[in-house]
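My questions all concern the structure below.
The values are calculated or read from the model by the stated rules, or taken from the named source; none is laboratory data. Computed from a prediction, not measured in an experiment: that's the story for all the values here. Using ideal geometry, Cβ is built from the backbone for each residue, glycine included, and neighbour counts are taken over all protein chains shown. Only protein heavy atoms, including side chains, enter the accessible area calculation; ligands, DNA and RNA are left aside. Shrake-Rupley method; radii C 1.70, N 1.55, O 1.52, S 1.80 Å.
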Amino acid sequence: MPEEPPEKRRKAEWPAFGSGVGESRSSDGSARVRVEVADATGREPPPAGPIACGLGFLDHMVDQLNSHAQLRISLQAWLGDELVVPRSNCAYEGCDAEVARLVGCALGRALREMLKEKLPAGSFRFMVPLDEALTELELDFSRAGAPAEISLAPFGRFPKGGRERIGAFRTCLTEVVLGALATSLGVFLKVRKIRGDNAHHIVEATFKSLARCLRCAMDAACGFVPALAAPARPAAPKTARAARRRRATKETSIDIHLDLDDVQTASEIATGLGTLDALLAELCRGFRLTAQCSGDTWIDEHHSAEDVMITVGQATAEALGPKAGCCRMAWAEQRSGAAEVLCVMDLSNRPSFCSDLQLDEEMAGDLPSEMVHHCFESFVTNALMTVHLVQVKPGGAKDLALAAAKATGEALKQCIAIDPRRAGATASSKGTLSK
Ligand SMILES: O=P(O)(O)OC[C@@H](O)[C@@H](O)c1cnc[nH]1
């Protein structure tokens, strides 16, 4: 669904920030960067302009703030008197560190000017996955001046010791950009890599985390909660985000129906496996699910559990469709008994599942522990999403499974929520979540 042009959008019915400009220049006059930023959720946001600093990968990273922080950014740079043209890597030789610093400084100044009317207070945290990578970023506006804490190296597994460059961008300059940005924005910034084997994924997840964390701070300053926001326009004819999937093989017969926008009707789940029913009940806290399965449980639990989760995942992907206007990314921590699990989710269209749950018992209720892992893997893969499960506190296998299902259900509820400010636009820096 294409985004409505700003002039056609109804008057914004939510608070928004205005705009800001930031400039930075080298002491010897060899380089200059100018950034213009505006809140894209405002009434008449300007179109995003070119982002051209002379390091192509850094341009791509700054662009993450457009779709994931809902901003409109333009960035211009001059080397000497020469304006840097888009898609250039002219800053590659000799001045890349200075350009990285200037980019961070100018961006931070522009953001500070935009936020000055309602400066966020306190600390904010966001985690973002990108395939196998997972980063956590914190912004604390009460600790301005504290030196940034950046723990991302090594940048990948190949070669051992990590990559030195991504395109023309030296990976060691990531902390130069972020440190300069934090200083000029007036915020304490802490970012760490929780997982990551690919340098591009690690650094992009970092800038996505920054963008999402910044948007959280902006929304808190405005008192806006996307999941609670009334639609920005009269309810359009209900474009149902619903799907029905039936599946019959020699091993199982399954009927799944889900409606992502029905939060009133009670779910009905009967798979023949009590623990699987309990996991699904937690997973669908944010929507209605009907799930029936008749399977060859006289052999074992495997086929029923796997086929149900494959089918629920497929139905979820079908119901989500192009994911127009949804929040897309979220994280949640939930407990069951002594166990606590963190789920970080992205409706990425790039299926990827990673978990470190220590399921050290043969069974989790009437489900083998190996099937707990495989159930999440099957659901995530077929729902075309990226999910990381992180064990925060240990516990028995069933409690870990339930805590993971609760956290995944809460994250899913937030991810599928429609943010009316996106006006149907897809939250993606490549412009689509369907390809
Ligand atoms: O914001 P999106 O994740 O939809 O698009 C950007 C991302 O897909 C692309 O930059 C990328 C994919 N893998 C590494 N980088």
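Out of (1) over 19 Å from residue 209 (Cα atoms); (2) buried (at least 20 other Cβ atoms within 10 Å of the Cβ); (3) not assigned by TED's automatic domain parsing to the domain that holds residue 310, the odd one out for residue 424 is which?
(2)
Additional query: If you scan the range 23-44, which residues turn out to be crowded, with 20+ Cβ neighbours inside 10 Å and assigned to a loop (DSSP other than H, G, I, E, B)?
40, 41, 42
Output the residue which, of all residues in the range 326-379 that are of a type in the set (Ser, Thr, Tyr) and open to solvent by 20 Å² or more (accessible area, probe 1.4 Å), is farthest from the ligand (Cβ to nearest atom).
Checking each candidate, the answer is 355.
Within the bounds of the range 291-314, is there any residue that is within 21 Å of residue 398 (Cβ to Cβ), open to solvent by 60 Å² or more (accessible area, probe 1.4 Å), hydroxyl-bearing (Ser, Thr, Tyr) and in contact (Cβ under 8 Å) with a residue 24 or more places away in the chain?
Yes, the range 291-314 contains at least one residue that is within 21 Å of residue 398 (Cβ to Cβ), open to solvent by 60 Å² or more (accessible area, probe 1.4 Å), hydroxyl-bearing (Ser, Thr, Tyr) and in contact (Cβ under 8 Å) with a residue 24 or more places away in the chain.
So in the range 46-69, with the set limited to residues that are open to solvent by less than 10 Å² (accessible area, probe 1.4 Å) and assigned to a loop (DSSP other than H, G, I, E, B), which one is nearest to the ligand (Cβ to nearest atom)?
Looking at residues that are open to solvent by less than 10 Å² (accessible area, probe 1.4 Å) and assigned to a loop (DSSP other than H, G, I, E, B), I get 69.
Using the structure shown, decide if residue 402 is of a type outside the set (D, E, K, R), farther than 21 Å from residue 259 by Cα and either crowded, with 24+ Cβ neighbours inside 10 Å or within 16 Å of the ligand (Cβ to nearest atom) (or both).
Judged against the criteria, residue 402 is a match.
Hey, can you tell me all the residues within the range 175-199 that are in contact (Cβ under 8 Å) with a residue 60 or more places away in the chain and assigned to a helix (DSSP H, G or I)?
Hits for the range 175-199 are 176, 177, 178, 179, 180, 181, 182, 183, 184, 185.
Taking the criterion of being open to solvent by less than 30 Å² (accessible area, probe 1.4 Å), at pLDDT 95 or above, of a type outside the set (A, V, I, L, M, F, W, C) and in contact with a Pro (Cβ under 8 Å, 6 or more places away or on another chain), would at least one residue in the range 218-241 satisfy it?
Scanning the range 218-241, I find at least one residue that is open to solvent by less than 30 Å² (accessible area, probe 1.4 Å), at pLDDT 95 or above, of a type outside the set (A, V, I, L, M, F, W, C) and in contact with a Pro (Cβ under 8 Å, 6 or more places away or on another chain), so the answer is yes.
Conditions tested, residue by residue: (1) in a helix (DSSP H, G or I); (2) over 17 Å from residue 280 (Cα atoms).
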{"residue": "377", "(1), (2)": "yes, no"}
{"residue": "395", "(1), (2)": "no, yes"}
{"residue": "398", "(1), (2)": "yes, no"}
{"residue": "409", "(1), (2)": "yes, no"}
{"residue": "421", "(1), (2)": "yes, yes"}
{"residue": "431", "(1), (2)": "no, yes"}
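Tell me yes or no: at least one residue of the range 76-86 is charged (D, E, K, R) and within 16 Å of the ligand (Cβ to nearest atom). Working first, answer last.
So the first thing to find is which residues in the range 76-86 are charged (D, E, K, R), and the list is 81-82.
Add one more test, that the residue is within 16 Å of the ligand (Cβ to nearest atom), and what stays is none.
The answer is no, given that none of the residues of the range 76-86 is charged (D, E, K, R) and within 16 Å of the ligand (Cβ to nearest atom).
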